[in-house]
Amino acid sequence: MPATLASDLARYLDDNDRRFHDELFDFLRIPSVSARSEYDADMQRAAKWVSDNLRTAGLDTEILSTPGHPVVLGEWRKAPAGALTVLIYGHYDVQPAEPLELWTSPPFEPAMRNGRIYARGSVDDKGQLFAHMKALEAHLGARGRLPVNIIVLAEGEEEVGSDNLEAFVTKHAKRLACDYIVISDSSMFAPGLPSILSSLRGLAYFQIDLEGPAGDLHSGSYGGAVVNPAMALARILATFFDANGHIAIPGFYDKVREWDPKIRAQIKALPFDEANFKKEVGVSVLGGEAGYSTLERLWSRPTCEVNGLLSGYTAEGSKTVLPSKAMAKVSCRLVADQNPAEIERLVREHITRVAPAGVKVTIQMLHGGQPWSAELQGPLYDAAKRALNAAFGRDPVVIGEGGSIPVVSDFQRLLGAPVLLVGFGLPGENAHAPDEWFADENFTKGMRAMASLWDEIAAGARA
Ligand SMILES: [Zn+2]
């Protein structure tokens, strides 16, 4: 069903389009590189810029310090009694711009070329955060009010791991209490295809150490009579999979939630170019779990991958050695509703069962992260669908993401509110790389979609 953006908001966004671009360019000129202390003053400047801009739009603002870079909070809480409260999360820090010589125009001198805004942070995430800020301004400028209460949380440490965010959200949980969380820090599947990101994979990362003989042995004098840790490790790793690419660790799939057949059909219909994907990664044949397409393998299925192997003699020439040790780093990407602690238990039990006698095996879990998946029904999802339709003239597609964005499950867990991930980047946008760009069309449509979202959320709550 086609939706439209209210005409007063559309007019406000049109009338101020030039100024919005000028402001965005000002924002992008601040080199807010969180990773380098030489930019600390610029980080402060960027936080103040966000705060000032939100205040001019009509929000109350505060810059709160953390042990690292500050968090900017913008609040507008004058919606009618019973109205919903929505928290918008974004980040004002950017990745370092180096290597500078690979940029066509300087990273902190934004330039418009071929309908793209080129600058470090244009798409990740200043441009997307700013689109939200202007959507809020449109409501307050055109009507003097918003139909929902709003909290804007802009952090300055996303690109360095958001180390202080969990503690910040925990400390301010009462103030940040909300019904929904909206994050725009991701991409659309293709131009013209508004996308709702529905899943993120979690992680369980292991180091497996095997010890055999007390020291490296002569492979002639001892080989054949002593268990070789490198071979023992290879045997263990080989038991992780069966011939169809299924993970053969007992119980591994028990908690995996199968995707709705409707969503699977929709993913199948996405314009995915497998030949191009092969070219991109430089292989002639793809592999993976039988019975699933490439996108499903990336988005909806767990993995178990060897990330590193170390054993024996690896330098030039031959050295006849039976190594005393072998080590592997193994990462499992998890999907809902798998749990890193439970996967750790299953991996330990499995390795203990299959490890050959004659080696001592030590397993450490180095890192764990929860998978996340969105509720693809209900009022928030319906409102997002209508808002994206109003801006892009078509319903959104549902996409997944093979990697992790840890803050998403943190927010959902700490604030107990569902998260909507709706991003306006595009494939090839060079986030974190030279010549980062944000499609100007998506900047404009992103502002419209988010302006529409607040009306649609309020309408959904009244219905
Ligand atoms: Zn980002």
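Each value in this text was obtained by applying a stated rule to the coordinates, not by laboratory testing. Predicted, not measured: the structure shown is a model, and the values here were computed from it. Here the Cβ is made from the backbone with ideal geometry for all residues, glycine too, and neighbour counts use every protein chain on show.
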Trypsin sites (Lys or Arg not before Pro) within region 313-414: DSSP coil, no more than 12 neighbouring Cβ in 10 Å: 319, 394
Cα centre as origin, Lys/Arg/Asp/Glu Cβ charges: region 111-159 dipole, Debye: 460 debye
Can you put 296, 274 in order, fewest other beta carbons within 10 Å first? 274, 296
Potential extension, residue 285-residue 257 segment - 0.36 nm per residue separation minus Cα distance: 7.3 nm
Report the GluC sites (Glu not before Pro) located in region 322-391 that are in a DSSP loop and have at most 13 other Cβ atoms inside 10 Å of their Cβ, or state none. 375
Work out how much length residue 40 to residue 413 would gain on full extension: take 0.36 nm times their residue separation and subtract the Cα-Cα distance, in nm to one decimal. 131.2 nm
Provide the FRET efficiency to the nearest 0.05 for the residue 14-residue 305 pair, computing r from the beta carbons and using R0 = 60 Å. 0.80
If every Lys and Arg gets +1 and every Asp and Glu gets -1 at its Cβ, then about the Cα centre region 143-201 yields a dipole, in debye to the nearest 20, of 460 debye
Report, in degrees rounded to the nearest 10, the 0 to 90 angle that the Cα long axis of helix 379-392 makes with the longest principal axis of the chain. 70 degrees
Between the Cα axis of helix 40-57 and the main Cα principal axis of the chain, the angle (0 to 90°, nearest 10) is 40 degrees
Relative contact order computed over the chain (Cα-Cα under 8 Å; 6+ residues apart), in percent: 26 percent
Residues 187, 105, 34 arranged by fewest to most Cβ contacts within 10 Å: 105, 187, 34
Magnitude of the charge dipole, the chain, Cβ model with Lys/Arg +1 and Asp/Glu -1, debye to 20: 960 debye
When the label point is put 7 Å from the Cα of residue 265 along its Cα-to-beta-carbon vector, which residues of region 380-419 have a backbone N closer than 18 Å? 395-399
Determine, for 217, 380, the number of other Cβ atoms within 10 Å of each Cβ, and report the residues in order from fewest to most. 217, 380
Taking Cα atoms, how many degrees apart are the long axis of helix 440-462 and the longest axis of the chain, rounded to 10 and kept between 0 and 90? 80 degrees
Please identify which residues in region 215-249 have an amide N closer than 11 Å to a label point set 7 Å out from the Cα of residue 318, following the Cα→Cβ vector. none
